[in-house]
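Readers should treat all values here as calculations from the given coordinates under stated rules, not as data from a laboratory. Bear in mind the structure is a predicted one, so any value in this text is a computation, not a measurement. Virtual Cβ from ideal backbone geometry, glycine too; neighbours counted across all protein chains shown.
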Amino acid sequence: MKRAVYPGSFDPVTKGHLDIITRAAALVDELVVGVLNNNAKSPLFSVEERVNMIKDVTEDLPNVRVEAFSGLSVDFVKKCQASFIVRGLRAVTDFEYELQMAQTNRSIDHDIDTIFFTTELNYAYISSTIAKEVAFYGGDISGFVPEKIMERVLRRAAAARQREN
Ligand code: PNS
């Protein structure tokens, strides 16, 4: 069975992430989306909420599984009995960090390869951070996050803004 893991923070999942998930899922028997449980990054959504949002937007993709993980990505990949890590490259600015991460992962575990997908041009400027920023100020995020989770992101960002004021 050809299995890959797409690890990330997904706080929240964006249209760019969903595009990568869809394209990667078409290439493997099973794609596991691994949501990093990392409170140090002070996420807007809990790991359970992030997992549930991805489950909701991938419900029509039968070979996609979504799980939370802690610790090293390569350990999660091993636990899933997968051999590939999937990551997206939006622009050249992503490259240095992504290359370093892929080489680090390969130096930790030489059985694991990273496959990069180039982001669709119309999603190239989108990130979870940008989506949260626009939502925080009440802007239109319909181009950034899947429609199914849009209200959840707007509500959470509005609550965060109220707390700040
Ligand atoms: O969506 P992100 O925040 O760009 O994803 C980054 C992620 C989660 C893939 C990366 O931070 C990660 O793999 N973290 C787990 C710890 C780890 O394995 N570190 C070694 C690779 S640098």
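Spatially close Lys pairs in the chain, defined by Cα atoms under 26 Å apart and a spacing of eight or more places or different chains, total 18.
When the chain is treated as a Gaussian network with alpha carbon springs shorter than 10 Å, the biggest mean-square fluctuation among Gly138, Gly34, Gly88 belongs to Gly138. Each peptide in 50-57, 145-152 receives the mean, over its residues, of other Cβ atoms within 10 Å, and ordering these scores from highest gives 50-57, 145-152. Judged by the gyration tensor of its Cα atoms, with axes a ≥ b ≥ c, segment 3-124 is rounded; a/c sits under the 1.5 cut.
For the chain, the Cβ-based charge dipole about the Cα centre amounts to some 280 debye (Lys, Arg positive; Asp, Glu negative; other atoms uncharged). Taking other Cβ atoms within 10 Å as a rough exposure proxy, Tyr6, Tyr125 sort from fewest to most as Tyr125, Tyr6.
Summary of packing: across the peptides 78-85, 95-102, 17-24, the per-residue average of other C-beta atoms within 10 Å ranks them, highest first, as 17-24, 78-85, 95-102.
Per residue, the average separation of C-alpha pairs within less than 8 Å and at least 6 apart gives segment 3-124 a relative contact order of 31 percent.
Listed values for segment 8-17 are Karplus-derived 3J(HN,Hα) couplings in whole Hz (6.51 cos²θ - 1.76 cosθ + 1.60, θ = phi - 60°), namely x, 8, 6, 10, x, 4, 10, 5, x, 4, and x replaces Gly and Pro.
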